[in-house]
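Chemist: Following this message is one structure expressed as structure tokens.
The values are calculated or read from the model by the stated rules, or taken from the named source; none is laboratory data. None of these values were measured; they are calculated from a predicted model. Note that each Cβ is placed from the backbone with ideal geometry, even for glycine, and that neighbours are counted across all protein chains shown. Please note that ligands, DNA and RNA were not included when accessible areas were found on the heavy atoms of the full protein model with its side chains. Shrake-Rupley method; radii C 1.70, N 1.55, O 1.52, S 1.80 Å.
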Amino acid sequence: MGNYRIAVLPGDGIGQEVTAGAVEVLKAVGVRFGHEFTFEYGWIGGAAIDEAGTPLPEETLRLCRESDAVLLGAVGGPKWDGNPPHLRPEKGLLAIRKQLDLYANLRPVVCYDCLASASPLKPDLVQGVDFVIVRELTGGIYFGQPSGRVVENGEEKAVDTLLYKKEEIERIVRMAFTLARGRKKKVTSVDKANVLSSSRLWREVAEEVAEQFPDVELEHMLVDNAAMQLIRAPKQFDVIVTENMFGDILSDEASMLSGSLGMLPSASLSASGPSLYEPVHGSAPDIAGMNKANPIAAILSAAMMLRLSFGLTAEAEAVEHAVRQALDQGLRTADLAPSGGRIVSTNEMVEEIKTAVLDYTAIAQIMTVYA
Ligand code: IPM
Ligand code: MG
């Protein structure tokens, strides 16, 4: 039975509520499976700007480096919108990704049967959707230099640079192929090779990596077409691998296939140290503190932590099963209202999932006894 140190960075807005929910569920896993999870809290984003004058305090970074994994909520809010670039909450998130070398962002997009009608798309189009977006997270246009504003000859300009080194592309594409090997064995590499040099290098490298995975099919798709295909026929995808900003945009689009952005978890895997787990959604200031937010994306992120950082497969399955059960029983947070069922608060959803985690273990034990 293991001991695991988890750094919890709730951040801003609903980040507070949803990470609290995920921690509750992890505690239930700990009790039932006999693990000891230690939770230590740190500031990030707007909360860190208010407390420590910077979006990513050294102390937070140290805490993360000393932990086995990091659970993050969300950052941002109108309070800090007018801040200068280096004092924006988002800077804290970008900095932690870079500092911890979290290069591989896995964003699974799954449509649970009972939520098909929560999607604005036709239920038969989204039912059965099950793919993963592998988003490069520490390079590309988010980090390339030069970046910033300049005044030249009295003219105002701004620049961002989309830059990739070959090795950066190689490692993310390899991650995608490795993942596809355990799934439906298809990688769609999304780029803009008809226009961008960085995309032409991306495509070349993807071809090279593909040679080491002869059992996996590789297809290239231009990003504009990919945006369309995600809505036209989303079941064609298994693993999508793409540049940082393309992945950011496509994953928000893809969330609508699962019914709500409140359903999408993510794992940001590190090359060297602890990995970080966070819901794809933002801080939703409009509903912050109202006990209305959907905690499922954060809870499923915790399940990814159990599986990917701690190798606790049965425990991860217990959490995923509990989420499915709560949804099958008709519990819905407000964002899932279009699919019918009973509207519940954040806390009620968390309670139900916690209880189901405990029950799952009981069932699993019975199954072992009678197997
Ligand atoms: C995400 C978010 C972040 C991003 C923001 C908050 C900086 O949109 O994780 O998808 O753009 O990466
Ligand atoms: Mg985003």
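Chemist: Just give me the residues in region 1-25 being over 16 Å from residue 346 (Cβ atoms) and among the hydrophobic types (A, V, I, L, M, F, W, C), in sequence order.
Modeler: Selection gives 1, 6, 7, 8, 9.
Chemist: Sticking with this structure for a sec: All but one of (1) free of Cβ contacts under 8 Å to residues at least 40 places away in the same chain; (2) more than 16 Å from ligand 2 (Cβ to nearest atom) hold for residue 287; state the number of the condition that does not hold.
Modeler: (1)
Chemist: Going by the structure shown, is residue 93 in the same structural domain as residue 281 (by TED's automatic domain parsing), closer than 18 Å to residue 269 by Cβ and outside any strand (DSSP E or B)?
Modeler: yes
Chemist: Those residues that are open to solvent by less than 100 Å² (accessible area, probe 1.4 Å) and either over 27 Å from residue 314 (Cβ atoms) or not in a strand (DSSP E or B) (or both), I need them from region 28-38; list them, please.
Modeler: The answer is 28, 29, 30, 33, 34, 35.
Chemist: Of these, 206, 226, 210, 254, which one is in a helix (DSSP H, G or I) and within 16 Å of ligand 1 (Cβ to nearest atom)?
Modeler: 254
Chemist: Is there a residue being assigned to a strand (DSSP E or B), β-branched (Val, Ile, Thr) and touching a Leu at 6+ places or on another chain (Cβ under 7 Å) anywhere in region 166-188?
Modeler: yes
Chemist: Right, another one. Taking into account only those residues within region 138-165 that are in a loop (DSSP other than H, G, I, E, B) and open to solvent by less than 80 Å² (accessible area, probe 1.4 Å), which is farthest from residue 276 (Cα to Cα)?
Modeler: 154
Chemist: Determine which member of the set 271, 298, 326, 303 is away from ligand 2 (no atom under 14 Å from the Cβ), free of Cβ contacts under 8 Å to residues at least 40 places away in the same chain, outside any strand (DSSP E or B) and under 30 Å from residue 189 (Cβ atoms).
Modeler: When all the criteria are applied, what remains is 303.
Chemist: Right, here's the next one. Return a yes/no flag: does region 291-301 have any residue that is modelled with pLDDT of 95 or more, out of contact with any Pro (no Cβ under 6 Å at 6 or more places or on another chain), surrounded by fewer than 17 Cβ atoms within 10 Å (Cβ to Cβ) and over 25 Å from residue 103 (Cα atoms).
Modeler: Yes, because at least one residue in region 291-301 is modelled with pLDDT of 95 or more, out of contact with any Pro (no Cβ under 6 Å at 6 or more places or on another chain), surrounded by fewer than 17 Cβ atoms within 10 Å (Cβ to Cβ) and over 25 Å from residue 103 (Cα atoms).
Chemist: Are any residues in region 166-178 open to solvent by less than 10 Å² (accessible area, probe 1.4 Å) and in contact with an Asp or Glu (Cβ under 8 Å, 6 or more places away or on another chain), and if so, which ones?
Modeler: 169, 172
Chemist: Mind checking whether some residue in region 54-70 is farther than 24 Å from residue 269 by Cβ and in contact (Cβ under 8 Å) with a residue 24 or more places away in the chain?
Modeler: Within region 54-70, one or more residues are farther than 24 Å from residue 269 by Cβ and in contact (Cβ under 8 Å) with a residue 24 or more places away in the chain.
Chemist: Anything in region 39-76 that is part of a loop (DSSP other than H, G, I, E, B) and of a type in the set (A, V, I, L, M)? List them, or say none.
Modeler: The answer is 44, 56, 75.
Chemist: What number goes with the only condition from (1) more than 16 Å from ligand 2 (Cβ to nearest atom); (2) part of a helix (DSSP H, G or I); (3) crowded, with 20+ Cβ neighbours inside 10 Å that residue 79 does not pass?
Modeler: (3)
Chemist: Right, next: Looking only at region 240-268, which residues are open to solvent by 10 Å² or more (accessible area, probe 1.4 Å), near ligand 2 (Cβ under 10 Å from one of its atoms) and under 24 Å from residue 192 (Cβ atoms)?
Modeler: Of everything in region 240-268, those that are open to solvent by 10 Å² or more (accessible area, probe 1.4 Å), near ligand 2 (Cβ under 10 Å from one of its atoms) and under 24 Å from residue 192 (Cβ atoms) turn out to be 245, 248, 249, 252.
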